[in-house]
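Reading through the structure tokens given below for one structure.
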Amino acid sequence: MTFSEVVSRRRSCRKFETRKVEREVIDLLLKETLTAPSARNTRTTRFAVTDDPDTIEKLSQMRSSGSLFLKDAPVVVAVLAETVHTDLWRENGAISATILQLSAEAHGLGSCWVHVHGRLRNNDDPDGPRAEDHAREALKIPDHLAILCLIALGYPAEPPHPRREQDDTDKVNYL
């Protein structure tokens, strides 16, 4: 599959087959993801991977909306960051998460980003608990690492919907 095909095929996948994702495939995705660029080559992004159904079920309860589908994902990857080495850790993590999703697509897996950093557990309770605290506890993440997002991974249960044709010419300005 060419890079153009990977980019044009990738969609957020929230429905997965029940079959296990092989450890060799996960290792390959992470090996490719670890090549992602980072600010001043600080390489501050880290990953926590789980395929434990009980842990994934806990993660699915992380937010009042937007995380419930995780319960059916065979694998969840937490994109983490060491925040003391650069103030650009969010950008580093976002680049890595994107590379992970593109790598997953290239290897026949579906994926979906679930944002964690700065999100509430319940959108109706602005002073309530944070999603990051829930994910940190479920995954036993040490305090020196921030959690940017979770990436659900698995074999798609249905083919991705075709991308809608849209006119994006107004989104680019040549100077």
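For segment 122-136, the tally of residues that are without any contact (Cβ under 8 Å) to a residue 40 or more places away in the chain and not basic (K, R) stands at 7. Of the residues making up segment 79-92, those that are touching a residue at least 60 places away in the same chain (Cβ under 8 Å) and not in a loop (DSSP other than H, G, I, E, B) number 4.
For segment 129-144, filtering for residues that are more than 18 Å from I56 (Cβ to Cβ) and either under 16 Å from the mean Cα position of the chain (by Cα) or not in a strand (DSSP E or B) (or both) leaves 4.
Okay, residues lined up against (1) touching an Asp or Glu at 6+ places or on another chain (Cβ under 8 Å); (2) crowded, with 16+ Cβ neighbours inside 10 Å; (3) over 17 Å from A78 (Cβ atoms); (4) small (G, A, S):
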{"position": "R19", "(1), (2), (3), (4)": "no, no, yes, no"}
{"position": "E22", "(1), (2), (3), (4)": "no, no, yes, no"}
{"position": "L28", "(1), (2), (3), (4)": "no, no, yes, no"}
{"position": "E32", "(1), (2), (3), (4)": "no, yes, yes, no"}
{"position": "T35", "(1), (2), (3), (4)": "no, no, yes, no"}
{"position": "R40", "(1), (2), (3), (4)": "no, no, yes, no"}
{"position": "P53", "(1), (2), (3), (4)": "no, no, no, no"}
{"position": "I56", "(1), (2), (3), (4)": "no, yes, no, no"}
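Every condition in (1) surrounded by 19 or more Cβ atoms within 10 Å (Cβ to Cβ); (2) at pLDDT 95 or above; (3) not hydroxyl-bearing (S, T, Y) is met by C13 except one, and the failing one is (2).
Counting residues in segment 90-102 that are of a type in the set (D, E), surrounded by fewer than 12 Cβ atoms within 10 Å (Cβ to Cβ) and over 13 Å from F47 (Cα atoms) gives zero.
Looking only at residues in segment 1-47 that are assigned to a loop (DSSP other than H, G, I, E, B) and of a type in the set (A, V, I, L, M), the one that is nearest to P156 (Cα to Cα) is V21. When restricted to residues that are surrounded by fewer than 23 Cβ atoms within 10 Å (Cβ to Cβ), touching a Pro at 6+ places or on another chain (Cβ under 8 Å) and outside any loop (DSSP other than H, G, I, E, B), segment 110-128 contains 1. Here V76 meets each of (1) touching a residue at least 60 places away in the same chain (Cβ under 8 Å); (2) hydrophobic (A, V, I, L, M, F, W, C); (3) assigned to a helix (DSSP H, G or I); (4) within 30 Å of R164 (Cα to Cα) with one exception, condition (3). The residues listed here are I99, I95; of these, the one that is touching a residue at least 60 places away in the same chain (Cβ under 8 Å) and either farther than 19 Å from D51 by Cα or assigned to a loop (DSSP other than H, G, I, E, B) (or both) is I99.
The values are calculated or read from the model by the stated rules, or taken from the named source; none is laboratory data. As the structure is a prediction and not an experimental result, all values here were calculated from the model. Counting neighbours? That spans all protein chains shown, and the Cβs are built from the backbone with ideal geometry, glycine included.
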